[in-house]
Amino acid sequence: MEVDSVLPRRALPGAEAARDAVPLPRGPGRLHRARAAAVAVLHGSGAVVAALLALAALGVMVGEPVLIPSMAASAAVLHHTPGLPTAQPRTVVVAHLLGAAAGYTVLTTAPGSPWSAAVAAGLTFAATSLARTPHSPACATAVVVVLQTPAPARFVPLLFAATVVLVLGAVAASRTRRAAARYPVRWW
């Protein structure tokens, strides 16, 4: 028995194939998907920039730096992965406050140095894991506290305000574009 007698002949897509034999693409085309991706990137980038500009403006109004590196990282987490547990409001706010607490705790026992900053970041990781609020940018908050030694009475309220601004910005961004993922998945 020969293979040709068992298998049916099909026209292969290509230059020599008839137009009817070439399957049409299903679903939205590549151009539509590319446009949707570009819109999503512009929306997310615009939302991150808007949130960070709001923090910069808040810092100018109060005369203190509010836009610290960990806030920029948190903004990226909130807008890039809004459905993950690390991006939920409770996690963002509590984790940064735990990071600040770890930083100030380390400063009570050791001088501000890269070694102490590393210990503070490790303590933040442990504290956020135990509190079930894993948010890696909070480790950077601990590092900032140890290396910059801001006054706690001024820094902690500003840190809290900054995290609330980021969360509210993410909520607003998720409501302005119909195809955007809803944020938050849960508040607490």
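The values are calculated or read from the model by the stated rules, or taken from the named source; none is laboratory data. Just so we're clear, the structure is a prediction, and the values are computed from it rather than from any experiment. Here Cβ is always computed from backbone atoms with ideal geometry, including for glycine, and neighbour counts include all displayed protein chains. We work out accessible area using only protein heavy atoms, side chains counted, and drop any ligands, DNA or RNA first. Shrake-Rupley method; radii C 1.70, N 1.55, O 1.52, S 1.80 Å.
Only a single criterion out of (1) under 24 Å from residue 45 (Cβ atoms); (2) touching a helix residue (DSSP H, G or I) at 6+ places or on another chain (Cβ under 9 Å) is not satisfied by residue 99, namely (1).
Within the range 78-94, does at least one residue satisfy the condition of being within 23 Å of residue 165 (Cβ to Cβ), in contact (Cβ under 8 Å) with a residue 60 or more places away in the chain and of a type in the set (Ser, Thr, Tyr)? No: the range 78-94 contains no residue that is within 23 Å of residue 165 (Cβ to Cβ), in contact (Cβ under 8 Å) with a residue 60 or more places away in the chain and of a type in the set (Ser, Thr, Tyr).
Filtered by the rule that a residue be closer than 13 Å to residue 121 by Cα and open to solvent by 10 Å² or more (accessible area, probe 1.4 Å), the range 73-101 gives 97, 98, 101. Within the range 35-42, does at least one residue satisfy the condition of being buried (at least 19 other Cβ atoms within 10 Å of the Cβ) and either touching a residue at least 24 places away in the same chain (Cβ under 8 Å) or over 18 Å from the mean Cα position of the chain (by Cα) (or both)? No, the conditions are met nowhere in the range 35-42.
Return yes when residue 118 is open to solvent by 30 Å² or more (accessible area, probe 1.4 Å), at pLDDT 95 or above and touching a helix residue (DSSP H, G or I) at 6+ places or on another chain (Cβ under 7 Å) and no when it is not.
Working: open to solvent by 30 Å² or more (accessible area, probe 1.4 Å): yes; at pLDDT 95 or above: yes; touching a helix residue (DSSP H, G or I) at 6+ places or on another chain (Cβ under 7 Å): no.
No.
Selection of first residues in the range 164-183 that are closer than 18 Å to residue 67 by Cβ and of second residues that are outside any helix (DSSP H, G or I) and open to solvent by less than 30 Å² (accessible area, probe 1.4 Å), restricted to Cβ pairs under 6 Å at least 6 apart or on distinct chains, gives the following pairs, ordered by first then second residue: 170/183.
Against the numbered list (1) touching a Phe, Trp or Tyr at 6+ places or on another chain (Cβ under 7 Å); (2) open to solvent by 60 Å² or more (accessible area, probe 1.4 Å); (3) in contact (Cβ under 8 Å) with a residue 60 or more places away in the chain, residue 154 comes up short only at (1). For first residues located in the range 122-150 and aliphatic (A, V, I, L, M), partners that are open to solvent by 80 Å² or more (accessible area, probe 1.4 Å) and lie 6+ apart or on another chain with Cβ distances below 6 Å form the pairs 140/69.
Considering every residue within the range 50-58, establish whether at least one is within 18 Å of residue 124 (Cβ to Cβ), in contact (Cβ under 8 Å) with a residue 12 or more places away in the chain and open to solvent by less than 40 Å² (accessible area, probe 1.4 Å). No, there is no match, as no residue in the range 50-58 is within 18 Å of residue 124 (Cβ to Cβ), in contact (Cβ under 8 Å) with a residue 12 or more places away in the chain and open to solvent by less than 40 Å² (accessible area, probe 1.4 Å).
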